[in-house]
Amino acid sequence: MFGIGVPELLLILALALIIFGPGKLPDVGKAVGKALGEFRNASREIESEIKK
């Protein structure tokens, strides 16, 4: 997964917890997940247009 191992992922999560705090972390995660989903959908649409 992009060369990110478990230790790096844990470090990123710990930094996010420190920066955003435990109250906002679920909202941030939801926003990031939604953005990634929209990016994937856009990528699929572009890919299907190229294949046509």
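All of the numbers you see were taken from the coordinates with simple rules; none came from a lab. Every value quoted in this text rests on a predicted model; they were computed, and no experiment measured them. Neighbour counts are summed over all protein chains in view; Cβ atoms, including those assigned to glycine, are modelled from backbone coordinates with ideal geometry.
Taking Gly21 as the residue in question, decide whether it is on the phi > 0 side of the Ramachandran plot, without any contact (Cβ under 8 Å) to a residue 60 or more places away in the chain and either of a type in the set (A, V, I, L, M, F, W, C) or out of contact with any helix residue (DSSP H, G or I) (no Cβ under 8 Å at 6 or more places or on another chain) (or both).
yes
Need the failing condition index for Glu8 against (1) loosely packed, with under 10 Cβ neighbours inside 10 Å; (2) part of a helix (DSSP H, G or I); (3) within 17 Å of the chain's Cα centre (by Cα), just the number.
(1)
Mind telling me which of the residues Leu15, Leu36 ends up being of a type in the set (A, V, I, L, M, F, W, C) and within 11 Å of the chain's Cα centre (by Cα)? I'd like the intermediate steps shown before the answer.
On the way: Leu15 fails: within 11 Å of the chain's Cα centre (by Cα).
Of Leu15, Leu36, the one residue that is of a type in the set (A, V, I, L, M, F, W, C) and within 11 Å of the chain's Cα centre (by Cα) is Leu36.
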